[in-house]
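Read the structure below first, then the notes.
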Amino acid sequence: MTSIGKLLTEEQGQLTVRRVLTVESGSAKVETSWESAGFLHDVHYTDLGTLWSYIRPDGTLYGEWKGGLRTDDNDTAVYRGITGGRYIDDTLHSRTYRGAITFENARGAFAELNSVLAAFEMQIDDAGKITYRTWELA
């Protein structure tokens, strides 16, 4: 049986870009990019990520996720995944995304992440500040 395992990463950062990619069937496909920093164990890294998402008719969000990690010593990893989300009540643009990602081509300090499936949660506030965590699925 699958369960949420250990906390892998915890990050803080800021949205850098938001733009509308397309409008189809009355729904906008919006791209959101961010830059954040965090730790894997005691190793500091930066994260450049992008997601695109649609607002569903019920107000929830569906999207796809991708990005790359780089340590201060230039170790790297990439990730991709899927997400669902929702806007937070009584805010203008604050939202929470939850989903699953896999890591690929992880080298050096990130090597343990190769082929790891992780659950994540990202919160974005009205000012574009993000808090992002991943947990290993065990």
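Thr16: more than 22 Å from Leu117 (Cα to Cα), of a type in the set (S, T, N, Q) and at pLDDT 90 or above, yes or no?
So Thr16 fits the description; yes.
Which of the residues belonging to region 73-93 are closer than 14 Å to Val30 by Cα and outside any strand (DSSP E or B)?
Within region 73-93, just His93 meets the criteria.
Return yes when Trp135 is of a type in the set (Phe, Trp, Tyr), touching a residue at least 24 places away in the same chain (Cβ under 8 Å) and over 17 Å from Leu7 (Cα atoms) and no when it is not. Please lay out each step first, then the result.
Values: of a type in the set (Phe, Trp, Tyr): yes; touching a residue at least 24 places away in the same chain (Cβ under 8 Å): yes; over 17 Å from Leu7 (Cα atoms): no.
Considered against the rule, which asks whether it is of a type in the set (Phe, Trp, Tyr), touching a residue at least 24 places away in the same chain (Cβ under 8 Å) and over 17 Å from Leu7 (Cα atoms), Trp135 comes out as no.
Please go through region 86-101 and pick out each residue that is within 11 Å of the chain's Cα centre (by Cα) and surrounded by 14 or more Cβ atoms within 10 Å (Cβ to Cβ).
Those that are within 11 Å of the chain's Cα centre (by Cα) and surrounded by 14 or more Cβ atoms within 10 Å (Cβ to Cβ): Thr96, Tyr97, Gly99, Ala100, Ile101.
Limited to region 1-54, what total is found for residues that are acidic (Asp, Glu) and touching a residue at least 40 places away in the same chain (Cβ under 8 Å)?
The number of residues fulfilling the criteria is 3.
Can Ile130 be described as open to solvent by less than 60 Å² (accessible area, probe 1.4 Å), under 18 Å from Ser36 (Cα atoms) and either more than 16 Å from the chain's Cα centre (by Cα) or not hydroxyl-bearing (Ser, Thr, Tyr) (or both)?
yes
Keeping to region 108-127, report how many residues are part of a strand (DSSP E or B), open to solvent by less than 60 Å² (accessible area, probe 1.4 Å) and of a type outside the set (Gly, Ala, Ser).
If we filter region 108-127 for residues that are part of a strand (DSSP E or B), which is where we start, we get 114, 117-124.
Checking the rest, the ones that are also open to solvent by less than 60 Å² (accessible area, probe 1.4 Å) come to 118-122, 124.
Filter once more, so that each one left must be of a type outside the set (Gly, Ala, Ser): 120-122, 124.
Residues that pass the stated criteria total 4.
Just checking, how many residues over region 27-77 are touching a Gly at 6+ places or on another chain (Cβ under 8 Å) and among the hydrophobic types (A, V, I, L, M, F, W, C)?
Number of matching residues: 8.
The values are calculated or read from the model by the stated rules, or taken from the named source; none is laboratory data. The shown structure was predicted, so the numbers you read here are calculated from the model rather than taken from an experiment. Backbone-built Cβ (ideal geometry, glycine too); neighbour counts: all protein chains shown. Side chains are part of the model used for accessible areas, which takes the heavy atoms of the whole protein and leaves out ligands, DNA and RNA. Shrake-Rupley method; radii C 1.70, N 1.55, O 1.52, S 1.80 Å.
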